[in-house]
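Undergrad: Would you mind keeping the following structure in view while I ask a few things?
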Amino acid sequence: MSGFDVCWSTIGVTGDRSCPQLAEHVHCRNCPVYADVARTLLDIPSNPTYLTEWSSHVAKAKAVPDANVESVLIFRIGDEWLALPSNAVLEVAATRTIHSLPHRRNGAVLGIANVRGELLVCIALDTMLGLNASSGAAGRTTVASPQRLLIVGGPMLRVACPVNEVQGIHRVKPADIRRVPATVGNAGMTYSKSVATWREHTVGVLDDVKLLNGFERSIA
């Protein structure tokens, strides 16, 4: 892309991730700079050899991705680093006002929030995982000053979970993944399927199917 500022490949998600805007936009595709470049490219007249070049590109044999490499979204709640399969996270949204629900029966249900016109049930993920058990904060979230809402779910259920920090999508290699120790018995392990090493942190990789089942039980 000669003549364009391809900052995403140098300081963005495919570079060294040093761009200060990532703290706000999480991924380069959410950044106005990325959108401006896309609009400019769409306005450029196509090259006469465009179709020939793309025909040659499409005809090339595709590299088979490593099935053991997992794409996950890494985030933080309090001091705990966690991850979810990236296809289970529908959106990373800014924080919203959470309106409490009267006569709620489950302590993990914080209330409801309006996300672009859709009312979503907000779940205290730390309560479900038992991260606040040691603090005696049962039934109350320990997420102080949440910075993001993770919109998690599938076609039949979507919920919002407040988190302190989102690091973005990362590909975890098999060498960095290990089984959850059988000796670990806290509530969070019910929803965990593996433990991964990311930078200097140990990250609990959550089982999205079990987590969605837990959401359904919490809301019922």
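Each value in this text was obtained by applying a stated rule to the coordinates, not by laboratory testing. Bear in mind that the values here come from a model prediction, so they are computed numbers and not experimental data. No Cβ is skipped: glycine too gets one built from the backbone with ideal geometry, and neighbour counts run over all protein chains shown.
Undergrad: For region 9-130, what is the convex hull volume of the alpha-carbon atoms per residue, in Å³?
TA: It is 199 Å³ per residue.
Undergrad: Could you give each residue of region 41-58 its phi-based ³J(HN,Hα) in whole Hz, using Karplus coefficients 6.51, -1.76, 1.60 with θ = phi - 60°, and x for Gly or Pro?
TA: Listing the rounded values in order: 4, 5, 8, 7, x, 5, 6, x, 8, 4, 5, 5, 5, 6, 4, 5, 5, 5 Hz.
Undergrad: Students often forget the sequence filter, so: which lysines lie under 26 Å Cα-Cα from Lys62 once same-chain residues fewer than 8 apart are removed?
TA: Partners found: Lys173.
Undergrad: Given a Förster distance of 41 Å, report the FRET efficiency between Ala93 and Lys60 from their Cβ-Cβ distance, rounded to the nearest 0.05.
TA: For Ala93 and Lys60, the calculated efficiency is 0.60.
Undergrad: Under 5 Å between amide H atoms, partner at least 5 residues away or on a different chain: which partners does Gly168 have, H built in plane at 1.01 Å?
TA: Ile74
Undergrad: Show me the ranking of peptides 124-131, 40-47, 29-36 by mean Cβ neighbours inside 10 Å, starting with the highest.
TA: Peptide ranking by packing, descending: 124-131, 29-36, 40-47.
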